[in-house]
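Data first, discussion second: the structure below is written as structure tokens.
The values are calculated or read from the model by the stated rules, or taken from the named source; none is laboratory data. Fair warning: this is a prediction, and the values are worked out from it, not measured in the lab. Here the Cβ positions follow ideal geometry from the backbone for every residue, glycine too, while neighbour counts run over all protein chains shown. With ligands, DNA and RNA removed, areas are computed over all heavy atoms of the protein, side chains included. Shrake-Rupley method; radii C 1.70, N 1.55, O 1.52, S 1.80 Å.
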4 protein chains.
Amino acid sequence: MVENATEKRFFDCEIRVRYGETDCMGFSYYANYFVWFEASRSELFRHLGLPYTELEKQKIYLPVADAYCKYNTSTSYDERIFIRVAVTQCKMFSMKFSYQVLNEKKDQILAWGYTTHVFIDDKKQTVKVPAEVKALVTLYELSEKTID
Amino acid sequence: MVENATEKRFFDCEIRVRYGETDCMGFSYYANYFVWFEASRSELFRHLGLPYTELEKQKIYLPVADAYCKYNTSTSYDERIFIRVAVTQCKMFSMKFSYQVLNEKKDQILAWGYTTHVFIDDKKQTVKVPAEVKALVTLYELSEKTID
Amino acid sequence: MVENATEKRFFDCEIRVRYGETDCMGFSYYANYFVWFEASRSELFRHLGLPYTELEKQKIYLPVADAYCKYNTSTSYDERIFIRVAVTQCKMFSMKFSYQVLNEKKDQILAWGYTTHVFIDDKKQTVKVPAEVKALVTLYELSEKTID
Amino acid sequence: MVENATEKRFFDCEIRVRYGETDCMGFSYYANYFVWFEASRSELFRHLGLPYTELEKQKIYLPVADAYCKYNTSTSYDERIFIRVAVTQCKMFSMKFSYQVLNEKKDQILAWGYTTHVFIDDKKQTVKVPAEVKALVTLYELSEKTID
């Protein structure tokens, strides 16, 4: 599943749309895109060499501060898609991820979105983004319109 | 939502099928029945006077040991159904709940199932069903075939 | 569940957070807010006298064009919350809904969001918002900051 | 993901537990095992050379008649597991699948279950299991206790 191991700027997470992720309109249910976003975040962290489970062992958590998705073209059961994910902003206490939902050939943006996350400890206090995390991240923009 | 406050033998939990709970076959997705079972368990506990959150404060948890559902008739988006739930068995370390999924008029069993739960503490050790829980529970059978 | 039957400007949809809607951080999973938004939309339509199922019988569908949620305060299992929903924009071919996630007392905004929907027919062609829908809707702003 | 392409008796579907698939007890939510069962069914059908989407094009659907899962050991966020799936029964109008949820090393059965499916057409009439489906299937037992 690793697309660009040397560069580590973005990651393409493969998703096969499950039956239970569709709804009676016949396409993928809109809330599930955020589940896929989260799955791709996990894979990006692993890809960067810092599994999110390691962060949680250090009592660091990344709850979502806000989340957005724009839906261009519907996806269907059993469709093979890719969630392209990158860190697009890294501030003192927060980090922003952007996502492109790409078709199997990766020549069409089916959806686009972002999530912002604050770093907190196990007492729900905001903490600075750890230096080790900052060191691993290369900021990269994922446009709403064009595919790299 | 309380149907039989004095008797406390079973509880009817109202569910309105959500769009996201259906799939592209046009009906409710089968795994969601287990979500509704869980929602009805919560309501039954509250109805008995012992919210499940109270149990968890006492570091008592009820993970599922096994789960079964038999689907008779499909349900659809926006359908109003009832999950009738009762405790059907109470052993030393475990408890069994049974469920009838009833239509709005409560004259048809759309699905039927059960779940068995073990009682554990926060170290994942099995513990005895607390006396206070046993005291609150009246065993009651919910048949697969007939509605009370 | 009807809060303001005479005025029909907004609707407060009661939600009891389900166990399966939480995640291992201990709070409600972020994608589920969009599921609740959808549940509240259904109730708003019913409240206005035009169930969404009726629209679908007329082969009119409202897929989501975009969706946003801002999370202020986490919610937990068994918490009783309200999704306050209103139509905040009605254009030629689309409609925007806004949402406040309120605590049980309705004195705190736990989250806030919106969704935009296009009207399409069963051939996935964009159609005008039906006059009967427009006639039923009273535009109403739900602020990110203040509760009415 | 193909483990045994020549023999086609069972299929091991890789699952990475998503954050949203856990609950506030800290482990995977019980209903999601049925979602994974379904994902593995899809992969088994594809593996057999008959994607489920092809069946649906022929207006043949396989709704679930009943479903069971026994949970031995919990699974956690980001855990890599396998759903081993096989067809364990093929009758005139129905088919039964069994599932083992295996740990990453495939030396432990974390959960075990089955689902039974009836074959229906688009008028919800029961139909015979198509000969082409029967021809592709090799019955294979997946024990609750031992791993092949």
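Just a few scattered comments:
- Qualifying residue in segment D:94-101 (condition: among the aromatic types (Phe, Trp, Tyr), open to solvent by less than 10 Å² (accessible area, probe 1.4 Å), over 19 Å from residue D:35 (Cβ atoms) and in contact (Cβ under 8 Å) with a residue 24 or more places away in the chain): no
- Every residue from segment B:22-38 that is open to solvent by less than 20 Å² (accessible area, probe 1.4 Å) and touching a helix residue (DSSP H, G or I) at 6+ places or on another chain (Cβ under 8 Å): B:23, B:28, B:29, B:30, B:31, B:34, B:38
- Here residue A:44 fulfils each of the conditions (1) more than 10 Å from every other protein chain (Cβ to nearest Cβ); (2) assigned to a loop (DSSP other than H, G, I, E, B); (3) open to solvent by less than 20 Å² (accessible area, probe 1.4 Å) apart from (2).
- Residues (of a type in the set (A, V, I, L, M) and touching a Cys at 6+ places or on another chain (Cβ under 8 Å)) located in segment D:41-63: D:44
- Pairs linking a residue in segment C:123-148 that is more than 30 Å from residue A:65 (Cα to Cα) and open to solvent by less than 100 Å² (accessible area, probe 1.4 Å) to a residue that is among the basic types (Lys, Arg) and part of a loop (DSSP other than H, G, I, E, B), with Cβ atoms under 7 Å and 6 or more positions apart or on different chains, are C:138/C:8; C:138/C:9.
- Scanning segment D:67-118 for residues that are within 12 Å of another protein chain (Cβ to nearest Cβ) and farther than 25 Å from residue B:113 by Cβ turns up D:76, D:77, D:78, D:79, D:80.
- Residue count for segment C:61-93 satisfying the condition of being acidic (Asp, Glu) and open to solvent by 50 Å² or more (accessible area, probe 1.4 Å): 1.
- Members of segment D:3-20 found to be surrounded by 22 or more Cβ atoms within 10 Å (Cβ to Cβ) and either in contact with a Cys (Cβ under 8 Å, 6 or more places away or on another chain) or without any contact (Cβ under 8 Å) to a residue 24 or more places away in the chain (or both), listed by number: D:20
- For residue D:115, the test of being of a type in the set (S, T, N, Q), surrounded by fewer than 20 Cβ atoms within 10 Å (Cβ to Cβ) and touching a strand residue (DSSP E or B) at 6+ places or on another chain (Cβ under 8 Å) is failed.
- Here the condition is being over 18 Å from the mean Cα position of the chain (by Cα), under 30 Å from residue D:62 (Cβ atoms) and touching a residue at least 60 places away in the same chain (Cβ under 8 Å); of B:107, B:78, it holds for B:78 alone.
- Within segment A:125-138, the residues that satisfy the criterion of being at pLDDT 95 or above and either touching a strand residue (DSSP E or B) at 6+ places or on another chain (Cβ under 9 Å) or β-branched (Val, Ile, Thr) (or both) are A:126, A:127, A:129.
- Apart from one condition, residue C:106 fits all of (1) basic (Lys, Arg); (2) open to solvent by 50 Å² or more (accessible area, probe 1.4 Å); (3) at pLDDT 95 or above; the exception is (2).
- Qualifying position, being modelled with pLDDT of 95 or more, in contact with a Gly (Cβ under 7 Å, 6 or more places away or on another chain) and within 12 Å of chain D (Cβ to nearest Cβ), among B:38, B:21: B:38
- Single residue of segment A:47-60 satisfying the filter (open to solvent by 40 Å² or more (accessible area, probe 1.4 Å) and either touching a residue at least 12 places away in the same chain (Cβ under 8 Å) or more than 24 Å from residue C:28 (Cα to Cα) (or both)) that is nearest to the other protein chains (Cβ to nearest Cβ): A:59
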